[in-house]
Amino acid sequence: MAIPERDIKVLSVPPMTRAESLYLPEVFKGMGTTLRHLFHAFGHGKGSRTMQYPEQRREDLAVVEGGMEKRNFRGFHRLNRDEQGRVKCVACMMCPTICPARCIHVQAGESPWDDREKYPVKFEIDELRCIFCGMCEEACPVDAIELTTEYDFVGRSRQEMVFDKEKLLHVYDVTINKKPM
Ligand code: SF4
Ligand code: SF4
């Protein structure tokens, strides 16, 4: 459908003044901003956004306000354990089904325990494909998969960033005391 003439607004670029056409005032203004940030960074002064990582780390990623956890960051996953230390996952396949990045792979097997039918023989998440949307966590009916606030795992190969069940349980072991449940 054509746009009526009355709805079309033609904008013209205002001509530059003599000072603006030299560009120098704007260049100095830009340099001033850069220097201001530089001095803040050197002085660690108020307003500095520079952190001396890895000596300094952001620990304010999970925020608790008024007794309620207000999470504003989603990092690497963990697989939670139950009270007996077993993997909580019951291999229901909800998380691989809902995952938009298709980066969760679960191989279900018959559970060796009486309180559930299935458990994950294999559980893998490709953390490089993951978009950290948190939908797996939302979908899990037994609270078995969770995104932590960990953000600085490194791997020397793509394969190292595919977290298997053991690694995901290890992430649980090292993060269980760091993040409110
Ligand atoms: S956070 Fe999102 S993309 Fe990542 S594994 Fe979970 S559902 Fe998939
Ligand atoms: S949704 Fe939960 S219980 Fe189901 S397969 Fe994923 S982690 Fe396991």
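The values are calculated or read from the model by the stated rules, or taken from the named source; none is laboratory data. These numbers come from a predicted model, not from an experiment. Cβ sites come from the backbone with ideal geometry, for glycine too, and all protein chains shown count toward neighbours. These area figures cover heavy atoms from the full protein model, side chains too; ligands, DNA and RNA do not enter into them. Shrake-Rupley method; radii C 1.70, N 1.55, O 1.52, S 1.80 Å.
Could you work out which residue, out of Ala144, Ala19, Ala108, moves most in a Gaussian network model of the chain, that is, has the largest mean-square fluctuation with Cα springs under 10 Å?
Result: Ala19 has the largest fluctuation of those listed.
Report the net charge of residues surrounding Gln107, where surrounding means a beta-carbon distance below 13 angstrom and charges are Lys +1, Arg +1, Asp -1, Glu -1. Walk me through the numbers on the way to the answer.
Working: positive: Lys118, Lys122, Lys165; negative: Glu110, Glu124, Asp164.
Net local charge, Gln107 excluded: 0.
Under 8 Å for C-alpha pairs, at least 6 residues apart: give me the relative contact order for segment 62-175, rounded to a whole percent.
Numbers: 192 pairs, mean separation 38.0, N = 114.
Once divided by the residue count of segment 62-175, the mean separation gives 33 percent.
Could you provide, to the nearest whole Å², the per residue accessible area of the chain with probe 1.4 Å?
Details: 13200 Å² over 181 residues.
Value returned for the chain: 73 Å² of accessible area per residue.
List nothing, just return the count: lysine pairs in the chain, 8 or more apart or interchain, with Cα separation under 13 Å. Spell out each step's value before the answer.
Numbers: Lys70/Lys179; Lys88/Lys118; Lys88/Lys165; Lys122/Lys165; Lys122/Lys167.
Close lysine pairs under the 13 Å cut-off: 5.
For the chain, set up a GNM with springs between Cα atoms under 10 Å and report which of Gly30, Gly109, Gly134 has the largest fluctuation.
Gly30
For the chain, what is the mean residue ellipticity at 222 nm derived from helices alone (per DSSP H run of n ≥ 4: -39500 (n - 2.57); sum divided by total residues; nearest 500 deg cm²/dmol)?
Details: 5 runs with 46 residues, N = 181.
-7000 deg cm²/dmol, from helical runs alone.
Kindly provide the pair-distance distribution of segment 132-178 built from C-alpha pairs, with 5 Å bins from 0 and whole-percent values in order of increasing distance.
Histogramming segment 132-178 at 5 Å steps yields 5, 17, 24, 30, 18, 6, 1 percent.
How charged is the neighbourhood of Asp164? Take every other residue with its Cβ under 9 Å from the Cβ of Asp164, and add Lys/Arg as +1 and Asp/Glu as -1. Could the numbers behind the result be given before it?
Details: positive: Lys122, Lys165, Lys167; negative: Glu124, Glu166.
Residues near Asp164 contribute +1 overall.
Please give the contour-minus-distance gain from Ala2 to Ala19: 0.36 nm per residue of separation, less the Cα-Cα distance, rounded to one decimal in nm.
Numbers: separation 17, 0.36 × 17 = 6.12 nm, distance 4.17 nm.
Length gained between Ala2 and Ala19: 2.0 nm.
Between Asp114 and Met93, take the C-beta separation as r, use R0 = 22 Å, and let me know the FRET efficiency to the nearest 0.05.
On the way: r = 21 Å, r/R0 = 0.97.
Efficiency at R0 = 22 Å is approximately 0.55.
Subtract the Cα-Cα distance of Glu26 and Gln159 from 0.36 nm times their separation in residues, and report this length gain in nm to one decimal.
Numbers: separation 133, 0.36 × 133 = 47.88 nm, distance 4.87 nm.
Computed gain between Glu26 and Gln159 is 43.0 nm.
Could you work out what % of the accessible surface of segment 62-175 is carbon and sulfur, using a 1.4 angstrom probe and leaving DNA, RNA and ligands out of the count?
50 percent
Calculated FRET efficiency, Val174 and Leu38, Cβ-Cβ r, R0 30 Å, to nearest 0.05?
Working: r = 37 Å, r/R0 = 1.24.
With R0 = 30 Å, the Cβ-Cβ based efficiency is 0.20.
Taking DSSP loops as anything outside H, G, I, E and B, show the longest stretch in the chain free of trypsin sites (Lys or Arg not before Pro) there with at most 15 other beta carbons within 10 Å.
Values: sites that count: Lys9, Lys46, Arg49, Arg57, Arg58, Arg86, Arg102, Arg129, Arg156, Arg158, Lys178.
Counting only loop sites that pass the neighbour cut-off, the longest clear stretch is 10-45.
Per residue and in Å³, how big is the convex hull formed by the alpha-carbon atoms of the chain?
Details: hull volume 51.8 nm³, N = 181.
In the chain, the Cα hull volume divided by residue count equals 286 Å³.
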